[in-house]
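Trainee: My questions all concern the structure below.
The values are calculated or read from the model by the stated rules, or taken from the named source; none is laboratory data. Keep in mind it's a predicted model, so treat the numbers as computed, not measured. No Cβ is skipped: glycine too gets one built from the backbone with ideal geometry, and neighbour counts run over all protein chains shown.
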Amino acid sequence: MATRILHCGKSIENFNTCMKHEVAGFLRRGPEIGDLIYLVVSHNKKVLCGMRGKLAETTDDKPWEDSENYVIAFSLEDIEYASHFDIKFLSKIGGKYWNLKYLQGAKRITDESALTELDNAFQKNKIQAPKYLEADRKHDADTPADIEDDILDENLSEALQAVPEAK
């Protein structure tokens, strides 16, 4: 069983859809049944987590408007919810390119300290029912993901040296 972060980018609609339908969709293969995923979205200059769950069965249920982009989807089980909390604390563990290390492609997180801090933050913010986000176009226009993409464009070779698996 692996732990992964599933990043919905800036799509609050996709984030909320994953919670409502208890499904997770991936743009590439890799995640497996039993993996624990943390669901996050970029919103108001933060990368917010609001749910975690285990990948159960593969499913043809792809309720997203852009469903054709997802090569594989899973139903979720053992779902837990949290008051939205910013996961940027992972930059203290993962360094300057933490987003490549932990967010890109929903890759397996192997850093034990990152896993511990993520679990601790989730436990502190745990709630009983899902808390959906409302879109705020004014604030979502320039998200951390956009800013980080600009930084990566400027420092691509440095980023690839720091996080070789980002290639």
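Trainee: Which residues, taken from region 23-45, are surrounded by fewer than 21 Cβ atoms within 10 Å (Cβ to Cβ) and of a type in the set (G, A, S)?
Mentor: G30, G34
Trainee: Find all pairs meeting these conditions: Cβ atoms under 6 angstrom apart; at least six residues apart or on different chains; first residue within region 52-81 and in contact (Cβ under 8 Å) with a residue 60 or more places away in the chain; second residue assigned to a loop (DSSP other than H, G, I, E, B).
Mentor: Pairs that qualify, where the first residue is in contact (Cβ under 8 Å) with a residue 60 or more places away in the chain and the partner is assigned to a loop (DSSP other than H, G, I, E, B), are Y81/P130.
Trainee: Same structure again: So which residues in region 85-99 are of a type outside the set (S, T, N, Q) and surrounded by fewer than 22 Cβ atoms within 10 Å (Cβ to Cβ), if there are any at all? Step through it out loud before you land on a result.
Mentor: Kept after step one, since they are of a type outside the set (S, T, N, Q), are these residues of region 85-99: 85-90, 92-98.
Listed by number, the residues that qualify are F85, D86, K88, F89, K92, I93, G94, G95, K96, Y97.
Trainee: Is it the case that S75 is small (G, A, S), surrounded by fewer than 20 Cβ atoms within 10 Å (Cβ to Cβ), in contact with a Ser or Thr (Cβ under 6 Å, 6 or more places away or on another chain) and under 20 Å from L27 (Cβ atoms)? Step through it out loud before you land on a result.
Mentor: Values: small (G, A, S): yes; surrounded by fewer than 20 Cβ atoms within 10 Å (Cβ to Cβ): yes; in contact with a Ser or Thr (Cβ under 6 Å, 6 or more places away or on another chain): yes; under 20 Å from L27 (Cβ atoms): yes.
So S75 fits the description; yes.
Trainee: Give me the strands (runs of 3 or more DSSP E) completely within region 23-99, filtered to those with at least 3 residues that are at pLDDT 95 or above, farther than 23 Å from T110 by Cα and not acidic (D, E), ordered by residue number.
Mentor: Details: elements: 23-26, 36-43, 46-58, 72-86.
In region 23-99, the matching strands (runs of 3 or more DSSP E) lie at 72-86.
Trainee: Could you grab me the full set of residues in region 7-22 that are assigned to a loop (DSSP other than H, G, I, E, B) and among the polar types (S, T, N, Q)? So that I can check it myself, show each step before the final result.
Mentor: Taking region 7-22 as the starting set, the residues that turn out to be assigned to a loop (DSSP other than H, G, I, E, B) are 8-11, 22.
Listed by number, the list holds a single entry, S11.
Trainee: Check whether at least one residue in region 66-76 is aromatic (F, W, Y) and farther than 20 Å from I127 by Cα, and report yes or no.
Mentor: Scanning region 66-76, I find at least one residue that is aromatic (F, W, Y) and farther than 20 Å from I127 by Cα, so the answer is yes.
Trainee: Moving on. I want to confirm something. Restricting to region 106-133 and keeping residues that are of a type in the set (D, E, K, R) and not in a helix (DSSP H, G or I), which single residue is surrounded by the fewest Cβ atoms within 10 Å (Cβ to Cβ)?
Mentor: For region 106-133, the residue satisfying everything is K126.
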